[in-house]
Amino acid sequence: MDASIWLVCGLIPATIVLAACLLADRRSDLSVSRHPGFAITASVIGLAWGFAILAALIGWRIVRGEPWFAVWPDDFWQRGYLPVLMAAALLAPLTGIAWRDSGGRWVIAGLLAMLTATISLPTGEGWEDTLAFHRGWGLLLATTCLLGFWSCDRLAMRDSDRWFPLVLLASLAGPMFVAATTYSALAEWTMAAIFATLPAVVLAGCGRLRHGVAVGLAYPVVAFATVMTAAGRFYSYEDHPWWSYAALLLVGPAVVAIDSLLTGRSQLCRVATAAVVAIAVTAVGIAVQLLPTE
């Protein structure tokens with residue numbers, strides 16, 4: 001990769017999210033569940049992450065001499081910024097309005113998961129031979145996306161401030177593998193998502209993001225992972241099992257399922273277990289995709 005790619009897919013996204021996280025840290029005393037400050041702070045972080053990867057995509061287009069912005073790009077994978085931004089704009093503020101009691105929020109999350117699945121599927125000239133897969137893949141993507149929203153939502157409020165962003169970072173490992181083995185443009189954009197997540201990982205580890213406000217990152221990250229995994233699958237020439245892709249998208253739910261059994265255990269135990277689960281689930285998905293196909 002040349003220096004321009006490292007700039008637009010590394011430095012710029014990281015700087016945008018770092019600035020948002022530092023701003024959020026200044027409001028952290030107000031950012032408690034059900035307080036208006038929580039909704040504002042979570043929204044700032046989530047929207048910053050969404051705009052960071054949008055900035056990377058725009059920069060990527062400029063570097064390649066393409067039109068710098070298109071509301072509905074010709075390449076289906078580039079449309080992924082729409083559900084990412086919607087996830088940040090809609091779900092993050094709603095968590096502050098009613099954390100546990102809002103059934104309406106989960107209706108919105110379900111609709112957004114279905115929209116993400118729909119946008120993630122290729123259409124138009126050149127993709128006619130993939131249409132037979134759309135129904136099953138749409139169901140898979142919508143289900144895993146909604147499970148991702150729910151699981152990260154739950155984990156963020158379970159005293160996991162210092163390591164919650166690490167789970168989000170781990171959830172991008174699978175999409176990065178799929179992207180790197182199929183299409184370089186996908187890998188570069190996923191790299192931007194990883195760099196955008198790193199400032200939150202560092203600041204949270206230092207105790208600078210508290211009260212679960214990093215949940216604002218979760219919704220756009222989950223939507224992005226869904227889009228990139230789907231794009232990698234349709235750009236791949238290999239016919240890997242569908243469940244290997246599902247495994248890569250279920251890192252967050254797997255971590256939450258095991259963490260729910262560790263109530264009362266030490267933070268070290270929970271972190272170590274989460275790391276083992278995330279690595280194991282990702283490794284299974286990757287290992288299956290590395291096996292030769294017929």
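Comparing SER244, SER266, SER171, which has the greatest mean-square fluctuation in the GNM of the chain with Cα pairs linked when under 10 Å apart? Of the options given, SER266 has the highest mean-square fluctuation. Using C-alpha pairs under 8 Å with a sequence gap of at least 6, the mean separation divided by the residue count of the chain gives a relative contact order of 26 percent. Comparing ALA185, VAL201, PRO122 along the charge dipole axis of the stretch 3-237, the residue lying farthest to the positive side is VAL201, per the Cβ-charge model.
Summing Cβ point charges (Lys, Arg +1; Asp, Glu -1) relative to the Cα centre of the stretch 3-237 gives a dipole of roughly 660 debye. Across the stretch 44-60, rounded Karplus estimates of 3J(HN,Hα) from the backbone phi angles (6.51 cos²θ - 1.76 cosθ + 1.60, θ = phi - 60°) give 4, 5, x, 5, 4, 5, x, 6, 5, 6, 5, 4, 5, 5, 4, x, 4 Hz, Gly and Pro being marked x.
Considering only ALA56, ALA254, ALA70, the mean-square fluctuation computed in a Gaussian network model of the chain, springs between alpha carbons under 10 angstrom, is largest for ALA70. Find which of HIS134, ALA230, LEU85 sits farthest along the positive direction of the dipole of the chain, computed with +1 on the beta-carbon of Lys and Arg, -1 on that of Asp and Glu, about the Cα centre. With unit charges placed on the Cβ atoms, the residue in question is LEU85. Taking a cut-off of 25 Å, what percent of all Cα-Cα pairs in the chain are separated by more than that? It works out to 43 percent of all Cα pairs. Comparing mean-square fluctuations of LEU23, LEU209, LEU140 from a GNM of the chain with C-alpha springs under 10 Å, the top value falls on LEU23. Each Lys or Arg adds one and each Asp or Glu subtracts one; over the other residues with Cβ under 13 Å from the Cβ of SER4, this totals 0. In the chain, helices alone account for a calculated mean residue ellipticity at 222 nm of -23000 deg cm²/dmol, with every DSSP H run of four or more residues adding -39,500 (n - 2.57). Among the trypsin sites (Lys or Arg not before Pro) found in the stretch 210-270, those both in a DSSP coil and sparsely packed, with 14 or fewer other Cβ atoms within 10 Å of their Cβ, are ARG265. One chain, two ends: ARG158 and GLN267. Fully extended at 0.36 nm per residue, the span grows by 38.2 nm beyond their Cα-Cα distance. Restriction of the chymotrypsin sites (Phe, Trp or Tyr not before Pro) in the stretch 191-294 to DSSP coil positions whose beta-carbon has at most 15 other beta-carbons within 10 angstrom yields TYR237.
The numbers here are math on the coordinates, done by the rules we state, and not lab data. Computed from a prediction, not measured in an experiment: that's the story for all the values here. No Cβ is skipped: glycine too gets one built from the backbone with ideal geometry, and neighbour counts run over all protein chains shown.
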